[in-house]
Structures are given as structure tokens and as C-alpha cells.
Amino acid sequence: MTEEDFAVGSVVTGTVSNIPQPGAIGLFVDLSHEPPGFVDVLSLPSRAADWPPVGTKIAFEVLTRSPEQIRLWPLDPRFRSGPFDPRVPDDEWLARKARYPVGAILAAEVSGAFILDRSYFVRYEGGWSYLEGRPPEVGTRAEYEVVSHLDATRRTLLRPVGT
């Protein structure tokens with residue numbers, strides 16, 4: 001598998017490989033790729049007994065990537081705490097997708113930057129997005145193109161216009 005197979009928003013299949021402190025930090029996922037996958041405790045059911053056991057093979061959405069870890073969101077609702085962003089009800093998500101269809105250009109402001117893993121967050125009217133790449137200075141406004149809508153996590157993927 002290539003780096004593109006693990007791009008933010010990709011759906012990947014992995015096998016739960018380690019649960020170091022059940023109920024405390026999360027679990028690790030073997031993706032047959034380095035770096036390993038990780039599911040944060042906040043994404044998992046509140047009872048560790050409801051977590052997928054070691055050896056379980058399931059599908060995940062890639063939330064973020066860094067050189068050390070690929071953060072994952074379980075696509076099987078049995079193995080997650082609830083909606084990724086419970087503040088986005090169905091009607092609001094559908095309205096956001098209609099307002100910003102794939103290919104639309106929108107203005108957004110950088111609201112958080114992570115220099116070490118080369119990523120950043122932007123906020124736009126009605127939503128936010130996580131982007132990979134050299135982060136601009138927080139507060140920078142720019143135009144972004146809508147690349148796709150991720151229904152499982154109700155996130156909109158953007159890229160800077162012209163890239």
C-alpha cells in the first residue's frame with residue numbers, strides 16, 4: 001500500500017493488534033503499513049468490554065496522519081462512542097453538502113497549526129476541515145476547494161485553491 005492509500009478521509013481495513021490499557025487510552029491497529037493505526041479512547045464505546053477484541057478486522061476512516069501514527073475512526077457503529085461530531089445533525093450536514101458541493105470554492109481561516117506533523121485546521125462558514133501540508137500562520141485567510149464529503153465523520157475535505 002502507498003501513502004495515498006492512507007490519505008485523510010480514506011477508508012482502510014485493519015486488525016486490532018493491541019489494547020495496552022483497556023478503557024484508558026485506546027487501541028492499536030495493524031494496517032500492514034508503518035506507522036501503525038490508533039483509535040483514541042474517546043472514539044470507542046465507554047465500556048472497554050464493548051471494544052473490538054484483539055484480532056478483530058474492521059474498516060476505519062483515516063482521521064489524521066503523522067510520521068508516528070495514523071489516527072482512525074471505526075466505521076462499524078458497534079465499536080464507537082457515537083457520532084464523530086454530534087453537533088452536526090442530519091439536516092445541517094445535508095445543508096452543508098448542498099451549500100458546498102464538490103468543486104466549490106470557499107473562504108476559510110487557519111484556526112490551528114501543527115508544525116511537527118505538517119497539518120492544520122481551517123474554519124469556514126458552517127464548518128471546519130483538517131488539511132495536511134505546511135501550515136500557514138494561524139489567522140491566515142485563503143480560498144479552498146471542496147474535494148469530498150465524508151459522511152461517516154461529517155467532515156468536508158478541502159485543498160488550497162491552485163494545488
Item to check | residue 111 vs. criteria within 30 Å of residue 45 (Cα to Cα), surrounded by fewer than 16 Cβ atoms within 10 Å (Cβ to Cβ) and of a type in the set (Ser, Thr, Tyr) | outcome: yes
Checklist entry - When you scan the range 114-124, how many residues do you find that are open to solvent by 60 Å² or more (accessible area, probe 1.4 Å) and of a type outside the set (Phe, Trp, Tyr)? => result 4
Next on the checklist: Exactly one of these conditions fails for residue 90: (1) among the acidic types (Asp, Glu); (2) closer than 17 Å to residue 155 by Cα; (3) surrounded by 13 or more Cβ atoms within 10 Å (Cβ to Cβ). Give me its number.
Outcome noted: (3)
Item to check | Count - residues of the range 8-27 that are within 16 Å of the chain's Cα centre (by Cα), farther than 13 Å from residue 62 by Cα and open to solvent by 40 Å² or more (accessible area, probe 1.4 Å) | outcome: 0
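Just to be sure before I move on: is residue 50 over 21 Å from residue 156 (Cβ atoms), touching a Ser or Thr at 6+ places or on another chain (Cβ under 9 Å) and of a type outside the set (S, T, N, Q) in the structure I sent? Spell out the reasoning first.
Values: over 21 Å from residue 156 (Cβ atoms): yes; touching a Ser or Thr at 6+ places or on another chain (Cβ under 9 Å): no; of a type outside the set (S, T, N, Q): yes.
It is false that residue 50 is over 21 Å from residue 156 (Cβ atoms), touching a Ser or Thr at 6+ places or on another chain (Cβ under 9 Å) and of a type outside the set (S, T, N, Q).
Could you grab me the full set of residues in the range 52-87 that are open to solvent by 80 Å² or more (accessible area, probe 1.4 Å) and either in contact (Cβ under 8 Å) with a residue 60 or more places away in the chain or touching a helix residue (DSSP H, G or I) at 6+ places or on another chain (Cβ under 7 Å) (or both)? Lay out the reasoning, then the answer.
Initially, the range 52-87 is screened for residues open to solvent by 80 Å² or more (accessible area, probe 1.4 Å), giving 54, 57, 67-68, 71, 77-78, 83, 86-87.
Within the range 52-87, just 83 meets the criteria.
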Checklist entry - Name the strands (runs of 3 or more DSSP E) wholly within the range 70-163 that hold at least 1 residues that are within 21 Å of residue 11 (Cα to Cα)? => result 70-74, 119-124, 127-132, 141-150, 155-160
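Taking the options 133, 103, name whichever one is within 18 Å of the chain's Cα centre (by Cα), of a type outside the set (Ser, Thr, Tyr), on the phi > 0 side of the Ramachandran plot and exposed (fewer than 15 other Cβ atoms within 10 Å of the Cβ). Lay out the reasoning, then the answer.
On the way: 103 fails: within 18 Å of the chain's Cα centre (by Cα).
One residue alone meets the criteria, 133.
The values are calculated or read from the model by the stated rules, or taken from the named source; none is laboratory data. Model, not experiment: these values are computed from the prediction. Backbone-built Cβ (ideal geometry, glycine too); neighbour counts: all protein chains shown. Surface areas here come from the heavy atoms of the whole protein model, side chains and all, with no ligands, DNA or RNA. Shrake-Rupley method; radii C 1.70, N 1.55, O 1.52, S 1.80 Å.
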